[in-house]
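Dropping the structure in here first, questions after.
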Amino acid sequence: MIKNSPVEMISFEGHSFYLKRDDLLHADFSGNKARKFYYFLENDFPDITKIVSYGSAQSNAMYSLSVLAKMKGWEFEYYVDHVADYLRDNPHGNYAGAIKNGMQLHVGRGILTPTNQNILYIEEGGRQKEAEYGIKVLAQEILEWQKENNIKELNIFLPSGTGTTALFLQKSLNIEGVVRGQHPTVYTCPCVGDSDYLKKQFFELEEDENHHPRIISLEKKHHFGKLYRENYKIWLKLQQQTGVVFDLLYDPLGWRTLLAHSEVMAKPTLYIHQGGVLGNESMLPRYERKYGM
Ligand SMILES: *Cc1c(COP(=O)(O)O)cnc(C)c1O
């Protein structure tokens, strides 16, 4: 069981925001990956003995799956295309954490056997329908908090990778909110591809466009995982002005995009901290080497 995550008030660049601290959900199982995998944590799967998944050797999803497997007493096999020599020689961040939790790492394509009843197969980044279960809990927490604090109109912002979290959040808020007369709007920005890619992802998970979040973006093209001086700068500023450590992959672009859209901030705005701070162990030294402290 994971508990309700707290909401704080922060001020950044002269604007006030509410901050949903999903990074504080649990010591090891936190952020949006905990929400997405909550279904597997909460329910019983008597036949399952092993999780199989794939993705990058630094991924937040990989680490969270290693925690889930440990909590459930399952094995965890993970497939990557390659592991950088530096990471293999100096394990750190999500990679080191997952290995410590017993992850068996395979380089190369795995032979996937989805017919095997003992294997729980998880898509890269947790992009699957079961994610809706835990994200609905997040939506309920937000609606409850909004009501308690008498916030009439609410905008919510979170940066997207696959878009799974943002999509299921808007959908759950619509479904749960309509009976309560609450109608928060979810805004998000693409961090991995462009707006068209994100829209496609939404359609794969949900046909009804009324349940899709609003996409906002910056004009300049952005490449996921690349180092940008502006991203490092805003990340440092966030820490100075709010005292909160954000992740270095999604949040800098998220905050830059949000600050460029004053029409969103015109209403009370809740930013969702989706965790991922363990991944900073690999990003931060790269930034420090490139731009200094
Ligand atoms: C995975 C992740 C995201 C992206 O989540 P999606 O559901 O794939 O859009 C954003 N922020 C952090 C910190 C993450 O770990």
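The values are calculated or read from the model by the stated rules, or taken from the named source; none is laboratory data. This one's a predicted model, so the numbers in the text were calculated from it and none came from an experiment. Neighbour counts run over all protein chains shown; Cβ positions are idealised from the backbone, glycine included. Each accessible area value is taken on the protein alone, full model and side chains, heavy atoms only, with ligands, DNA and RNA left out. Shrake-Rupley method; radii C 1.70, N 1.55, O 1.52, S 1.80 Å.
For the chain, what ratio Rg/Rh do Cα atoms give with a Kirkwood hydrodynamic radius?
Rg divided by Rh gives 0.95.
For each pair in K3/K171; K100/K220; K72/K221; K233/K267; K3/K220; K72/K136, compute the distance between the two Cα atoms and list the pairs where it is over 29 Å.
Where the Cα-Cα span goes over 29 Å, the pairs concerned are K100/K220; K72/K221; K3/K220.
Also, quick follow-up: Let me test this: with uniform point scatterers at the alpha carbons of region 154-248, what is the Debye-based log₁₀ I(q)/I(0) at q = 0.18 1/Å?
Evaluating at q = 0.18 Å⁻¹ gives log10 I(q)/I(0) of -0.89.
Still on this structure: Quote the FRET efficiency, to the nearest 0.05, computed for R289 versus E176 with a Förster distance R0 of 51 Å and r equal to the Cβ-Cβ distance.
So, using R0 = 51 Å, E works out to roughly 0.65.
Would you mind telling me the antiparallel percentage of the DSSP bridges in the chain, rounded to 5?
The antiparallel proportion sits near 20 percent.
Name the residue from W255, G292, N32 whose Cα lies farthest towards the positive end of the charge dipole of the chain, charges +1 on Cβ of Lys and Arg and -1 on Cβ of Asp and Glu.
G292
Could you rank the peptides 123-134, 59-70 by their average count of other C-beta atoms within 10 Å per residue, with the highest value first?
My ranking of the peptides, most packed first, is 59-70, 123-134.
Related question: At 0.36 nm per residue, minus the direct Cα-Cα distance, what do R229 and E204 gain on full extension? Give it in nm, one decimal, please.
Answer, rounded to one decimal: 5.6 nm.
Another one. First compute the accessible area of the chain with a 1.4 Å probe, then give the percent of it belonging to carbon and sulfur atoms.
48
Let me ask something additional. Cα-based Rg of region 14-58 per 2.2 N^0.38 Å, rounded to two decimals?
Against the empirical 2.2 N^0.38 Å value, I get 1.63 for region 14-58.
Sorted by mean Cβ packing within 10 Å, highest first, what order do the peptides 28-40, 208-220 take?
The most tightly packed comes first, giving 28-40, 208-220.
In vacuum, with every alpha carbon of region 38-121 counted as one equal point scatterer, what does the Debye formula give for log10 I(q)/I(0) at q = 0.12, 0.17 Å⁻¹? Two decimals, please.
Rounded to two decimals, the profile gives -0.34, -0.66.
Rounding to the nearest 20 debye, state how big the charge dipole of the chain is about its Cα centre with +1 on each Lys and Arg Cβ and -1 on each Asp and Glu Cβ.
The calculated dipole for the chain is roughly 620 debye.
Semi-axes of region 1-91's equivalent ellipsoid from the Cα gyration tensor, sqrt of 5 times each eigenvalue, largest first, rounded to whole Å?
In descending order, the three semi-axes are 29, 21, 9 Å.
Can you grab the distance from the C-alpha centre of region 232-288 to the C-alpha centre of region 148-201, Å, no decimals?
18
Restricting to region 2-154, compute how many DSSP beta bridges are antiparallel as a %, nearest 5.
30
If you count only protein heavy atoms with a 1.4 Å probe, what accessible area per residue comes out for region 77-176, rounded to a whole Å²?
49
Can you give the Rg/Rh ratio of region 27-176, where Rg is from the C-alpha atoms and Rh is the Kirkwood radius?
A ratio of 1.02.
Using only the alpha-carbon atoms of region 211-272 as identical scatterers, what base-10 log of I(q)/I(0) does the Debye formula give at q = 0.25, 0.28 Å⁻¹?
One equal scatterer on each Cα of region 211-272 leads to -1.24, -1.37.
Then there is this: Can you tell me which of 76-87, 163-174 comes out highest on packing, and rank the rest after it, using the mean Cβ neighbours within 10 Å?
163-174, 76-87
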